[in-house]
Amino acid sequence: MFIPHSPKETEEMLQAVGVKSLEGLFEAVPKTFRFPKLNLPPGLTEMEVVEHLQEMADANESVRELACFLGAGAYHHYVPAAVDSLLRRGEFYTAYTPYQPEISQGTLQSIFEYQSLIVGLTGMDVSNASHYDGATAAAEAAVMAYHHFRGKRTRFILAPSVNPQYREVLRTYMNGYEGLEVSGDEGAPLHSLEELEPLIDMNTAMVLIQYPDFFGRVSDFSNFAAKVHQAGALLAVSANPTALALLKSPGAMGADIVVGEGQPLGIPLSFGGPYLGFFAVKKDFVRKIAGRLVGETVDAEGRRGFVLTLTAREQHIRREKATSNICTNQGLLALAATIYVSLLGKNGLRQVAELCYHKSHYAAERIGSIPGYELVHQGGFFHEFVVKCPQNVEDINAHLLDHGILGGYDLGRDYPQLKDHMLIAVTEMNSKDEIDYLCETLEELSHD
Amino acid sequence: MDVPEHLKYAKTDEWVKVDGNIATIGISDYAQSQLSDIVYFEFKVDVGEEARKDKTIATVESVKAAADVNAPVSGVVVELNESLNDLFETINTDPFGAAWMVKLELADPSEVDQLMDAAAYKKYCEERGH
């Protein structure tokens, strides 16, 4: 284990906090719980352990057996078998960013290509090598905006239509900065972005919106971006990468930072992770971003090669003055996304997006015509939509699960105003039969 | 190593030139040669802002390191050498001339007296080795 403190430093720190010994730090934990006697059963053979674990795994309900209409940030897409097979090659199988270009050209090139794909999808100039997930990438956007204005702008505005978990993680990240105001998401969840405009002032560092938003809605935010820029603030957009294969890019509409969850790009749902956060910016901000960057160069003999670049921003050089202490990337999952997008190609990814779009619109039209169910949003959407239900979403989902259907997200969990509202996601994985079956099953509950 | 006679120097390798109540600040030839090739420069203060002694007024990034430029004396920022945003290479080629960084209106002229003169700074650099 690497212990960075000398005994003298440890002593000084203990003195500073007024504790006599290291053990004293744990006094808040009652003695009986500090080293409890573990009452473990006798060991099992490997065969027995495998059987036991299999039993536990079989207790899970998975999207392999269920018709899945749940999204809300993680989406069920088809992952070609080649993704996993290439991913598990020994040459690639590491979670870490390689430091030494002499021995890591393959991995570095794959990260460079990942960055290029993200730049292409988002319409930005620079992408880093990735973050943990969409939520942490969104939080890093706020950290960057804070440092961009040297802490002089203290207001961060979050649209209520940004994924509630992302907003929560962002608040946690920004918790240690003094005098910040993170607001904007207290209002009616389904309002349009224009409602946020009165909040944007000369003290605003960043405005965060989502595209398509948490409710699946899509709108051109170019005018809104202009309003944000008039106040000199930065516009960060959390985007769904599948949608970007079909829709106008956030970069084209004036986003300064584009972040998002990369899971839809060839990464299985896996009960919640590990996932992939992507983070891209306009060139002006390249020295302010967190994370690693791989650049293309030539070696002493003029041959094309790849290296980590602009590392002076990072904590091992800039120490406490670095924008962020996060240098870790999701190397393996970024590779999965790279392989996935490469396999599908530009047209293939667009085809996936079109299938999602058309199937979800078919589903929305059918569900909207069931008595008791009502589509809340009449404008454009991508592959997710909000339905007002005739009863409690929890009860409806229990009924659906009895019929082998994983129902939509219960929006009342995050938005009290949206009690009895369900967020339904439809992807290329949902056949027409499945959608029809969902509608029939919902219809059984249309009358109390 | 170049150490112009008419300037004052700080332990953190900034130089100061005083004209009336205006102090011009940059980094020394020793500092730029230690950093080697500069690849980026950024101001950390704006015109009109008060820069206290030892506060970071700019950062310099080279292929080897990132370093802060600190105000050797206190004062209100009256001018920034904006050309450095693009022409940061001049920090390597002309640290005492074209690469001046910030002009301050001195808050306390006695702070200048606490800085080293050329002879003392030269000795200070030699002690640290080249």
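Here, each number is a calculation from the coordinates, and none is a lab measurement. Values in this document were obtained by computation on a predicted structure and should not be read as measured data. Ideal geometry is used to build each Cβ from the backbone, glycine not excepted, and the neighbour counts take in all protein chains shown.
General observations
- Taken along the Cα-to-beta-carbon direction at a fixed 7 Å, the label points for A:Tyr78 and A:Ser222 span 3.5 nm.
- Residue order, fewest to most surrounding Cβ atoms within 10 angstrom, among B:Ile25, A:Ile257, A:Ile370: A:Ile370, B:Ile25, A:Ile257
- Peptide B:63-70 shows a mean partner chain C-beta count of 3 within 10 Å per residue C-beta.
- Each Lys and Arg adds +1 at its Cβ and each Asp and Glu adds -1 at its Cβ; summed about the Cα centre, the protein assembly as shown shows a dipole of about 900 debye.
- FRET efficiency for the pair A:Tyr362 and A:Val49, taken as 1/(1 + (r/R0)^6) with r the Cβ-Cβ distance and R0 = 51 Å, rounds to 0.65.
- Ranking of A:Arg292, A:Arg89 by count of other Cβ atoms within 10 Å, fewest first: A:Arg89, A:Arg292
- Taken along the Cα-to-beta-carbon direction at a fixed 7 Å, the label points for B:Ala98 and B:Asn21 span 3.3 nm.
- Checking the Cα-Cα distances for A:Lys227/A:Lys419; A:Lys288/B:Lys122; B:Lys17/B:Lys53; A:Lys152/B:Lys53; A:Lys20/B:Lys55; A:Lys152/B:Lys17 against a 26 Å cut-off, the pairs over it are A:Lys227/A:Lys419; A:Lys288/B:Lys122; A:Lys20/B:Lys55; A:Lys152/B:Lys17.
- Taking amide H as placed 1.01 Å from N in the peptide plane, the amide H of B:Ala51 sits under 5 Å from that of B:Gly75, B:Val76, B:Val77, each at least 5 places away or on another chain.
- A:Tyr211 long-range amide H proximity, modeled H, under 5 Å: A:Ser238, A:Ala239, A:Asn240
- Grouping the Cα pair distances of region A:257-301 into 10 Å bins from zero gives a pair-distance distribution of 20, 36, 29, 13, 2 percent in increasing distance order.
- Span from the region A:106-183 Cα centroid across to the region A:375-436 one, whole angstrom: 29
- Across region A:1-70, Cα-Cα distances exceeding 15 Å account for 76% of all pairs.
- Rounded to whole numbers, the Karplus 3J(HN,Hα) couplings from phi for region B:106-121 are 4, 8, 9, x, 5, 4, 4, 5, 6, 7, 7, 8, 4, 5, 5, 5 Hz, using 6.51 cos²θ - 1.76 cosθ + 1.60 with θ = phi - 60°, and x at Gly and Pro.
- Here the Karplus curve 6.51 cos²θ - 1.76 cosθ + 1.60, taken at θ = phi - 60°, turns the phi angles of region A:31-48 into couplings of 3, 5, 9, 6, 10, x, 6, 8, 8, 9, x, x, x, 10, 6, 4, 4, 5 Hz, with x standing for Gly and Pro.
- Residues A:Cys439, A:Cys389 in ascending order of nearby Cβ atoms (within 10 Å, fewest first): A:Cys439, A:Cys389.
- Label-point separation in nm, B:His6 to B:Glu42, each point 7 Å along Cα→Cβ: 3.4
- Each peptide in A:173-180, A:211-218 receives the mean, over its residues, of other Cβ atoms within 10 Å, and ordering these scores from highest gives A:211-218, A:173-180.
- Cut-off 12 Å between beta-carbons: net charge of the residues surrounding A:Ala280, Lys and Arg +1, Asp and Glu -1: -1
- Think of each Lys and Arg Cβ as +1 and each Asp and Glu Cβ as -1; about the Cα centre, that makes the dipole of region A:22-109 roughly 300 debye.
- Cα pair distances in region A:51-142, grouped into 5 Å bins until the bin that holds the longest one, percent each: 2, 9, 12, 16, 19, 17, 11, 8, 4, 1, 0
- Considering only A:Ala398, A:Gln330, A:Thr297, the residue lying farthest towards the positive end of the dipole of region A:289-448 is A:Thr297, judged by Cα position with unit charges set on Cβ.
- Sequence-distant residues sharing a close amide H with A:Cys68 (under 5 Å, placed H): A:Leu406
- With coordinates expressed along the principal axes, the C-alpha atoms belonging to chain B extend over 33, 33, 21 Å, beginning with the largest.
- Additional length obtainable on full extension of the chain from A:Lys432 to A:Ala188, 0.36 nm per residue less Cα span: 84.4 nm
- Hydrodynamic radius (Kirkwood) for the protein assembly as shown, which is based on Cα pairs only, to one decimal in Å: 27.5
- Calculated FRET efficiency, A:Val63 to B:Leu87, Cβ-Cβ distance, R0 = 60 Å: about 0.55 to the nearest 0.05.
- Projecting the Cα atoms of A:Ser192, A:Thr204, A:Pro250 onto the dipole axis of region A:153-284, where Lys and Arg carry +1 and Asp and Glu carry -1 at the beta carbon, places A:Pro250 farthest toward the positive end.
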